[in-house]
Amino acid sequence: MSITGRAKPWEFRWRIVIMFSSLPLAAILFIKTGFTTGTWYAPQVEYWQQITAALIASIGILLRVWGTSALSAPRMLRLQAQGEILVDTGPFALVRNPLYLGTILVIGGWSVLYGWLPALIYFVFHALRFNRIVLYEESIFESELGSRFDEYRSRVPRWIPDGSGLTKIGWPHCNFSAVLSNGPFLAMTIALWVIVFTSKTSIFFPVSVIGLLVSGAFLITRRRLQNISSATDDQ
């Protein structure tokens, strides 16, 4: 399996589990290998690491909430890639994968708490992993949307915005559904800012778990309501 090739369907299906599992596993690894001191859930860090982590994560959560508002919350957790809809407004006019980019920035920002080298290792790992997933998704989009996706791909960069889509982004906006759908990432960012003002790094994982539970409850409830609505319409 090439690290630069296209992801397998199982990688796409388990992308969220792998991403969230990587946080505590990486934290334990970084502590065990002596990259930083403290415990895996409460590393001892300098102030510059705290503020850098919070700033990077803030850019990431803004991208995710804005992108989710332009897309839709349920599509974020789909288990199979589908290319039935092409969104090319909002952040999708600047870069083809604002949600993945936002995710990398949020969790990559967190990894700065463990040092620059751990952050680099963690960032590269997820950058390669998400690039594989994106290549898999784009193969689906290409087969289902054909020339529409080819035209979009030709003018919008995959990862790094070049400013060419500024006229189509519109005014940045968000909705309540997008905020709740990004619960864990928002919680991570809030936790990092609390760390900036308190230096209590031990709060990161508990706050993140709370955000994950809130977001999960919201998405499950919304999906059930949609299923009930669909069943009622079919009758």
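Can you give me the relative contact order of the chain as a percent, contacts being Cα pairs under 8 Å and 6 or more apart?
In percent, rounded to a whole number, it is 28.
Give the angle, between 0 and 90 degrees and rounded to the nearest 10, that separates the Cα long axis of helix 47-70 from the longest principal axis of the Cα atoms of the chain.
10
Given points 7 Å out from each Cα along the Cα-Cβ axis, report the ILE16 to ASP162 separation in nanometres with one decimal.
Distance between the two pseudo-spin positions: 3.4 nm.
What is the distance in Å between the Cα centroid of segment 110-159 and that of segment 3-17?
11
When the chain is fully extended, how far beyond the present Cα-Cα distance does SER202 get from ILE59, taking 0.36 nm per residue of separation?
Gain on extension, SER202 to ILE59, equals 49.2 nm.
Using Cα Rg over 2.2 N^0.38 Å as the read-out, say which of (i) 1.29; (ii) 1.05; (iii) 0.99 was calculated from these coordinates.
Structure-derived value, by its label: (ii).
Starting from the Cα of LYS168, draw a straight line to each of the lysines and keep only those under 25 Å, dropping any in the same chain fewer than 8 residues away.
Reachable lysines: none.
THR221 to GLU46: FRET efficiency via 1/(1 + (r/R0)^6), r the Cβ-Cβ distance, R0 35 Å, to the nearest 0.05?
Between THR221 and GLU46 the formula returns 0.25.
Given DSSP loops and a limit of at most 13 other Cβ atoms within 10 Å, what is the longest stretch of the chain that contains no such trypsin sites (Lys or Arg not before Pro)?
The longest such stretch corresponds to 79-199.
For helix 98-111, report the angle its Cα long axis makes with the longest principal axis of the Cα atoms of the chain; keep it between 0 and 90° and round to the nearest 10°.
10
For helix 15-32, report the angle its Cα long axis makes with the longest principal axis of the Cα atoms of the chain; keep it between 0 and 90° and round to the nearest 10°.
10
Bear in mind that the values in this text are calculations on the coordinates, not laboratory data. Being a predicted model, the structure only gives us computed values, none of them experimental. When we count neighbours, we look across all protein chains shown, and the Cβ atoms used for this are built from the backbone with ideal geometry, even at glycine.
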